[in-house]
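First the structure, in the form of structure tokens, and then the observations on it.
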């Protein structure tokens, strides 16, 4: 009945990887698939939905660093860089940008592959806008 869009964005808020999942599905399952090729030394900023030992182990195994706030029920709470967490709004801004595209915002497409293609086309437009010359 519903669909979630999962995205990995770079430091400028441009999409690198996109994926769809069921709306009622746990976000961590999609994260395990999307976070397979992180560069060594990268910092992965994510929200509390991605706070699991499996995801943290996957990130650490690739030589990257997880900046994920702990869920309230985690005991003991894990420390994270609060200043770095403020940059998570880049992914929120990405989602706001793709919602300006009518085909993505209203989801006219019934098939997942067509809807993912619409999201990818919107993402291409975002990449192109970021490469435009302003002079």
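Only one residue in 58, 128 is touching a residue at least 12 places away in the same chain (Cβ under 8 Å) and outside any loop (DSSP other than H, G, I, E, B). Which one?
58
Name the residue that is surrounded by the fewest Cβ atoms within 10 Å (Cβ to Cβ), counting only residues in segment 5-30 that are over 16 Å from residue 123 (Cβ atoms) and in contact with a helix residue (DSSP H, G or I) (Cβ under 7 Å, 6 or more places away or on another chain). Out of the qualifying residues, it is 28. Which one of the conditions (1) in contact with a helix residue (DSSP H, G or I) (Cβ under 6 Å, 6 or more places away or on another chain); (2) assigned to a loop (DSSP other than H, G, I, E, B); (3) closer than 15 Å to residue 5 by Cβ does residue 100 fail to meet, given that it meets all the rest? Just one mismatch for residue 100, condition (1). In the condition set (1) crowded, with 18+ Cβ neighbours inside 10 Å; (2) part of a loop (DSSP other than H, G, I, E, B); (3) touching a strand residue (DSSP E or B) at 6+ places or on another chain (Cβ under 9 Å), residue 44 is compliant with all but (2).
Would you call residue 49 on the phi < 0 side of the Ramachandran plot, surrounded by 16 or more Cβ atoms within 10 Å (Cβ to Cβ), touching a helix residue (DSSP H, G or I) at 6+ places or on another chain (Cβ under 6 Å) and assigned to a helix (DSSP H, G or I)? No: the conditions fail for residue 49. Among the criteria (1) outside any helix (DSSP H, G or I); (2) touching a strand residue (DSSP E or B) at 6+ places or on another chain (Cβ under 7 Å); (3) exposed (fewer than 13 other Cβ atoms within 10 Å of the Cβ), the one residue 33 does not fulfil is (1). Among the residues in segment 72-85, are any more than 28 Å from residue 2 (Cβ to Cβ), without any contact (Cβ under 8 Å) to a residue 40 or more places away in the chain and touching a helix residue (DSSP H, G or I) at 6+ places or on another chain (Cβ under 9 Å)? Yes: one or more hits. The single condition from (1) surrounded by 11 or more Cβ atoms within 10 Å (Cβ to Cβ); (2) more than 16 Å from the chain's Cα centre (by Cα); (3) over 18 Å from residue 121 (Cα atoms) that residue 2 fails is (1).
Could you please find all residues in segment 70-84 being surrounded by 10 or more Cβ atoms within 10 Å (Cβ to Cβ) and over 17 Å from residue 55 (Cα atoms)?
Pass one, segment 70-84, residues surrounded by 10 or more Cβ atoms within 10 Å (Cβ to Cβ): 70-71, 74, 77-78, 80-81, 84.
Of everything in segment 70-84, those that are surrounded by 10 or more Cβ atoms within 10 Å (Cβ to Cβ) and over 17 Å from residue 55 (Cα atoms) turn out to be 81, 84.
Every read-out reported here was derived from the displayed coordinates using simple, explicitly stated rules and does not represent laboratory data. Because the structure is a prediction, the values reported are computed rather than measured. Cβ coordinates were reconstructed from backbone atoms using ideal geometry, including for glycine residues, and neighbour counts include every protein chain displayed.
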